[in-house]
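Worksheet: one structure, shown below.
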Amino acid sequence: MPATPDAMPAPPIPVSLVLGSGGARGLAHIGVIRALEADGRYAIHAVTGTSIGALVGGLHAAGCLDAYADWVSGLSRADVLGLLDFSFTGRGLVEGERVMRHLIGMVGDVRIEELPIPFTAVASDIFRRQEVWLTRGSLFEAIRASIAIPGLFTPAEVDGRTLVDGGLLSPLPLAPAQGHSTDRTIAVSLNGAPCGSPAAPAEPTTPSDDADPDAPVSFALLERLKAGARKVLGPPKPATGDGALDTIARSIEAMQDRIARYQSAAYRPDLLIEVPVDACGVLDFHRARELIALGERLAREALARDTACTAPRIL
């Protein structure tokens with residue numbers, strides 16, 4: 001029936017937003033959220049996130065995402081390295097407390113159940129071999145658990161469980177979103193097909209004291225670790241192929257891509273936005289501005305194809 005002149009547009013469609021894992025690529029989640037809010041057809045009524053998706057999603061649910069975006073957009077490569085507080089416990093390379101203290105100082109420690117938007121952080125219990133949905137308690141305790149990349153960050157102890165990165169078992173946590181009373185589910189995967197984007201610089205092949213300030217942070221971290229090892233073990237043998245961290249990252253990405261595909265098949269989202277897996281290195285948080293812009297562009301393109309919502313809804 002044609003709309004009458006006094007017909008009012010329907011309110012925005014309530015959606016559950018699902019944010020996947022993928023290291024610094026997850027800064028694209030910020031751009032996706034901005035695009036959704038600017039589009040006007042949708043309202044985010046619930047957020048589920050794993051790893052970096054839990055960090056971005058939790059900050060959005062707390063109403064503090066803009067402050068985080070401003071801060072991370074100002075980080076240089078040296079700043080990112082300075083935030084890595086190395087651990088001497090043998091349980092991981094980085095404690096992660098330095099970053100968390102900064103975030104708590106930015107927004108204050110809040111409890112998940114007090115957030116204005118329902119939020120779920122997903123972590124992995126490495127002893128029980130199961131994913132854990134964190135829906136109550138300290139927001140930052142949940143985020144800290146969800147971002148604890150095995151081998152890089154030390155695990156988190158929460159309610160007697162030893163928790164690590166949620167992306168290990170649930171890189172695209174669609175299952176928790178099924179319990180939300182929303183009309184649609186929009187998911188953002190950070191394991192999209194490689195695009196060979198020039199925005200992803202090649203890793204340097206030889207160490208240098210005058211390293212490119214735009215080189216991946218993972219390379220700088222590896223070089224710092226290798227320098228320490230040389231003092232103890234002497235000169236290394238000539239290296240061939242990818243570096244150790246690069247090989248680990250690619251192995252995890254391959255595993256996560258396969259799991260995410262199964263999750264998408266089991267719990268089909270109404271709209272899936274995919275960020276190319278080669279958009280940046282896992283620790284390249286100094287490239288926040290371009291990654292946020294990438295997420296915003298990809299979201300706008302996906303929303304333009306979202307034919308289910310192209311026609312105006314009339315009350």
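The values are calculated or read from the model by the stated rules, or taken from the named source; none is laboratory data. Quantities reported herein were computed from a predicted structural model and do not represent experimental measurements. Glycine also receives a Cβ, built like all others from the backbone with ideal geometry; neighbour counts cover every protein chain displayed. What goes into the accessible areas is simple: the full protein's heavy atoms, side chains included, and nothing from ligands, DNA or RNA. Shrake-Rupley method; radii C 1.70, N 1.55, O 1.52, S 1.80 Å.
Quick notes on this one:
- Scanning the stretch 298-307 for residues that are open to solvent by 40 Å² or more (accessible area, probe 1.4 Å), part of a loop (DSSP other than H, G, I, E, B) and either at pLDDT 70 or above or not basic (K, R) (or both) turns up at least one hit.
- Taking every residue in the stretch 144-170 that is in contact (Cβ under 8 Å) with a residue 24 or more places away in the chain and pairing it with any residue that is aromatic (F, W, Y), at least 6 positions away or on another chain, the pairs with Cβ-Cβ distances below 7 Å are I147/F153; T162/F127.
- Test: L174 is modelled with pLDDT of 90 or more and either surrounded by fewer than 24 Cβ atoms within 10 Å (Cβ to Cβ) or under 25 Å from S264 (Cβ atoms) (or both): yes
- Of the residues contained in the stretch 265-274, one or more are found to be modelled with pLDDT of 90 or more, open to solvent by less than 70 Å² (accessible area, probe 1.4 Å) and within 14 Å of the chain's Cα centre (by Cα).
- Residue check for A46: surrounded by fewer than 15 Cβ atoms within 10 Å (Cβ to Cβ), hydrophobic (A, V, I, L, M, F, W, C) and at pLDDT 90 or above: no
- Tally, over the stretch 99-110, of residues that are surrounded by 13 or more Cβ atoms within 10 Å (Cβ to Cβ) and either of a type in the set (S, T, N, Q) or in contact with a strand residue (DSSP E or B) (Cβ under 9 Å, 6 or more places away or on another chain) (or both): 1
- Listed conditions (1) touching a residue at least 40 places away in the same chain (Cβ under 8 Å); (2) farther than 19 Å from I143 by Cβ; (3) part of a helix (DSSP H, G or I) are all met by A54, apart from (2).
- Restricted to the stretch 111-139, and to residues there that are aromatic (F, W, Y) and either more than 20 Å from the chain's Cα centre (by Cα) or surrounded by 21 or more Cβ atoms within 10 Å (Cβ to Cβ) (or both), the residue that is nearest to R101 (Cα to Cα) is F119.
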